[in-house]
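The values are calculated or read from the model by the stated rules, or taken from the named source; none is laboratory data. A quick note: this is a predicted structure, and the numbers were derived from the prediction, not measured. No Cβ is skipped: glycine too gets one built from the backbone with ideal geometry, and neighbour counts run over all protein chains shown.
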Amino acid sequence: MKLSKLDINQLHQGLVKKEFSSQEITKDFLEQIEKKNKEIFAYLSVHKESALAQAEKVDALIAEKKEIPLLAGIPTAMKDIIMIEGEKCTAASKILADYTASFDATVIKKLKEQGAVILGKTNMDEFAMGSSTENSAFGITRNPCDTERVPGGSSGGSAAAVAADMCVYSLGSDTGGSIRLPASFCGTVGLKPTYGRISRYGLMAFASSLDQIGPLTKTVADAKIVYDAIKGKDPLDSTSVEVKDEDKKISVKGLKIGVPKEYFVKGMDPEVEKVIRETIKKYEQEGAIIEEISLPSTSYALPVYYIIATSEASSNLARYDGIKYGFSKTKDSKSLLDVYLQSREEGMGEEVRRRIMLGTYVLSAGYYDAYYIKAQKLRNIIKRDFAQAFEKVDVIFTPVSPTVAFKIGDKIADPLSMYLGDIYTISVNLAGLPAMSTPCGKAHNLPVGLQIIGPEFSENKIFSVGQILENYGH
Amino acid sequence: MINKEEVKHIAELARLGLNEEEIKTMEKELSSILDYMETLKKVDAEDSAITNYSKLIENTMREDKIKTTENNAQLMGAVPEMEKGFIKVKTVL
């Protein structure tokens with residue numbers, strides 16, 4: 001039996017019934033990594049010893065007939081922007097190439113309490129800025145479905161690791177689509193939870209009002225298991241909230257699905273549109289009511305996003321200054337200003353520097369009102385659009401991306417064309433809503449993801465709706 | 001849209017060193033992105049509020065209590081240049 005093919009529940013059952021041990025599972029995955037990472041480059045670092053030691057501990061508990069949590073002994077991977085005490089955390093940036101985390105992120109603490117086996121840290125666009133994982137300072141990740149293509153980004157390593165059976169599930173972070181896009185491109189499930197649902201403590205900040213941690217998994221059921229394990233209010237993240245998840249069974253009969261007309265416009269690959277339309281049709285045949293809805297401010301979302309996200313980034317990334325930690329030119333510089341200028345010049349990649357420049361510009365005297373204030377006001381209008389839509393429908397269906405995974409090198413030279421690929425995912429972050437990418441078919445023989453968007457804190461509803469598609473066997 | 005002098009000024013504000021080649025590229029790329037952002041100028045948003053807080057959060061407070069951290073050695077171990085237990089920086093004034 002190929003253990004690396006199984007999902008969380010199957011592995012858990014197997015462990016409890018002693019059909020195999022956590023050490024066997026872990027070795028199986030380490031073998032996969034050994035075999036595939038050279039080509040795919042999903043992992044930046046592999047924690048072989050600590051993973052095997054953790055697996056041994058779980059096996060001992062099972063031998064003692066102790067009850068184990070669902071994620072105990074199950075191998076996972078973390079985007080290299082989430083801190084694990086004593087392990088390197090680079091954010092795929094040269095400026096943090098030798099940085100070691102001094103504490104555990106809250107999500108890591110929660111997973112460790114369950115007994116999760118952490119296999120390593122995954123590749124990403126530097127500081128989560130990008131849509132292709134080509135912006136990593138340490139090399140590009142390849143899409144396991146077609147190694148000539150990008151896995152999407154910025155959590156490209158996390159998605160590729162799941163898709164290539166190099167871990168059972170992984171965590172990523174999503175600021176404008178960074179979980180959903182790679183999930184869609186690699187054919188995995190990817191959830192961006194409601195803003196505030198999961199603690200951001202220990203997640204290196206990119207744009208604090210948009211960032212959320214979430215799971216990338218093989219199945220919808222797995223996404224729910226991981227989400228349940230990491231959610232909840234945390235005193236160390238004052239934007240986190242405690243809410244009770246509704247646990248009502250959703251029936252497809254009478255389920256109202258909104259399809260925004262502004263999302264089906266030119267620019268979308270007709271093959272992708274066909275797959276999405278066919279998926280919507282399946283739900284209709286099962287008894288769902290499809291309604292065309294309007295999200296009138298859709299066309300402002302992208303500029304609004306890039307103003308807000310870069311503003312917050314320019315402030316958040318000021319901490320990487322070559323003084324307190326990370327790559328530093330302090331020994332070769334003449335003045336304090338030179339330490340800053342040179343450490344950041346050499347330590348940060350092109351896209352990161354471009355975004356810091358943009359953010360600094362839109363926040364600078366004379367431009368603040370025209371850009372930042374305007375963007376904040378429009379953000380509220382975008383949020384209101386969704387709230388009004390959810391008065392009429394239960395969930396909204398859209399594509400995750402207008403295209404399938406593109407070829408490596410295709411968009412990297414033109415930043416604006418790269419930004420445009422995020423057109424369907426960014427509004428969700430601006431509105432703080434939960435959304436999931438679920439595989440729904442193939443176009444050009446490559447995976448297509450359906451985006452299921454729900455109202456605030458409706459993750460369970462999104463899982464049930466996604467489950468319907470999974471049961472259908474797309 | 002944005003000229004060379006502005007690029008240099010913004011780079012200094014952002015504490016980013018840029019070489020001549022990069023200044024030229026930034027000028028071009030930032031201009032095209034800013035042109036795109038210009039589209040917002042035509043939109044009326046006067047009535048909209050500028051804040052976006054979740055309705056579920058209201059004044060997150062905590063007690064102002066002194067706590068000790070246990071990982072001082074790790075934190076200070078990451079500092080590039082130190083002297084007598086302090087972070088060393090170049091002359092400020």
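Things worth noting here:
- Residue within the stretch A:367-377 that is surrounded by fewer than 19 Cβ atoms within 10 Å (Cβ to Cβ), facing chain B (nearest Cβ under 7 Å), not in a helix (DSSP H, G or I) and not hydroxyl-bearing (Ser, Thr, Tyr) present: no
- When each of A:139, A:130 is tested for being farther than 23 Å from residue A:54 by Cβ, more than 14 Å from chain B (Cβ to nearest Cβ), surrounded by fewer than 24 Cβ atoms within 10 Å (Cβ to Cβ) and not hydrophobic (A, V, I, L, M, F, W, C), the lone residue that passes is A:139.
- For the stretch A:59-104, residues that are part of a loop (DSSP other than H, G, I, E, B), closer than 22 Å to residue A:327 by Cα and not acidic (Asp, Glu) total 14.
- Residue in the stretch A:334-343 that is in contact (Cβ under 8 Å) with a residue 40 or more places away in the chain, away from every other protein chain (no Cβ under 14 Å), buried (at least 17 other Cβ atoms within 10 Å of the Cβ) and farther than 21 Å from residue A:175 by Cβ present: no
- Residue that is farthest from the other protein chains (Cβ to nearest Cβ), among those in the stretch A:91-115 that are buried (at least 19 other Cβ atoms within 10 Å of the Cβ) and among the small types (Gly, Ala, Ser): A:115
- Criterion violated by residue A:398 - all others in (1) among the polar types (S, T, N, Q); (2) touching a Phe, Trp or Tyr at 6+ places or on another chain (Cβ under 6 Å); (3) free of Cβ contacts under 8 Å to residues at least 60 places away in the same chain satisfied: (3)
- Selection status of residue A:271, in a strand (DSSP E or B), touching a residue at least 40 places away in the same chain (Cβ under 8 Å), away from every other protein chain (no Cβ under 14 Å) and more than 24 Å from the chain's Cα centre (by Cα): no
- Subset of the stretch B:39-82 that is aliphatic (A, V, I, L, M) and under 27 Å from residue A:196 (Cβ atoms) - its residue that is farthest from the chain's Cα centre (by Cα): B:56
- Any hit, the stretch A:434-442, residues being of a type in the set (Gly, Ala, Ser), under 18 Å from the mean Cα position of the chain (by Cα) and closer than 14 Å to residue A:177 by Cα: yes
- Only one of A:222, A:245, A:234 that is among the charged types (D, E, K, R), farther than 21 Å from residue A:461 by Cβ and in contact with a strand residue (DSSP E or B) (Cβ under 9 Å, 6 or more places away or on another chain): A:234
- Number of the condition not met by residue A:457 [criteria: (1) among the aromatic types (Phe, Trp, Tyr); (2) assigned to a helix (DSSP H, G or I); (3) more than 17 Å from the chain's Cα centre (by Cα)]: (2)
- Unmet criterion (only one of (1) more than 9 Å from chain B (Cβ to nearest Cβ); (2) surrounded by 16 or more Cβ atoms within 10 Å (Cβ to Cβ); (3) within 29 Å of residue A:446 (Cα to Cα)) for residue A:302: (1)
- Taken over the stretch B:58-92, the criterion of being facing chain A (nearest Cβ under 10 Å) and of a type in the set (A, V, I, L, M) is satisfied by B:61, B:73, B:75, B:76, B:78, B:79, B:87, B:89, B:92.
- Subset of the stretch B:41-88 (residues that are hydrophobic (A, V, I, L, M, F, W, C), more than 27 Å from residue A:209 (Cβ to Cβ) and exposed (fewer than 13 other Cβ atoms within 10 Å of the Cβ)): B:66, B:73, B:82, B:86
- Selected residue (criterion: surrounded by the most Cβ atoms within 10 Å (Cβ to Cβ)) from residues of the stretch A:344-363 that are hydrophobic (A, V, I, L, M, F, W, C), part of a helix (DSSP H, G or I) and more than 7 Å from chain B (Cβ to nearest Cβ): A:352
- When A:291, A:284 are checked against the criterion of being charged (D, E, K, R), over 30 Å from residue A:106 (Cα atoms), assigned to a helix (DSSP H, G or I) and more than 8 Å from every other protein chain (Cβ to nearest Cβ), A:284 stands alone in meeting it.
- Subset of the stretch A:50-67 [of a type in the set (Gly, Ala, Ser) and buried (at least 18 other Cβ atoms within 10 Å of the Cβ)]: A:51, A:55
- Qualifying positions in the stretch A:295-321 - outside any helix (DSSP H, G or I) and in contact (Cβ under 8 Å) with a residue 60 or more places away in the chain: A:295, A:320
- Test result for residue A:258, closer than 30 Å to residue A:157 by Cα, buried (at least 18 other Cβ atoms within 10 Å of the Cβ) and not acidic (Asp, Glu): no
- Restricting the stretch B:8-39 to residues that are among the β-branched types (Val, Ile, Thr) and more than 18 Å from residue A:313 (Cα to Cα), the residue that is farthest from the other protein chains (Cβ to nearest Cβ): B:23
- Of the residues making up the stretch A:32-43, those that are closer than 16 Å to residue A:77 by Cα and either of a type in the set (S, T, N, Q) or touching a residue at least 24 places away in the same chain (Cβ under 8 Å) (or both) are A:32, A:33, A:36, A:37, A:40, A:41, A:42, A:43.
- Test for residue A:19: is it at pLDDT 95 or above, of a type in the set (Asp, Glu), closer than 26 Å to residue B:73 by Cα and in a loop (DSSP other than H, G, I, E, B): no
- Lone qualifier among A:430, A:416, A:450 - being crowded, with 24+ Cβ neighbours inside 10 Å and within 14 Å of chain B (Cβ to nearest Cβ): A:430
- Selected residue (only one of A:242, A:262 is in a helix (DSSP H, G or I), closer than 29 Å to residue A:313 by Cα and modelled with pLDDT under 95): A:262
- Restricting attention to the stretch A:248-262, the residues that are within 30 Å of residue A:299 (Cβ to Cβ) and either touching a strand residue (DSSP E or B) at 6+ places or on another chain (Cβ under 7 Å) or in contact (Cβ under 8 Å) with a residue 60 or more places away in the chain (or both) total 7.
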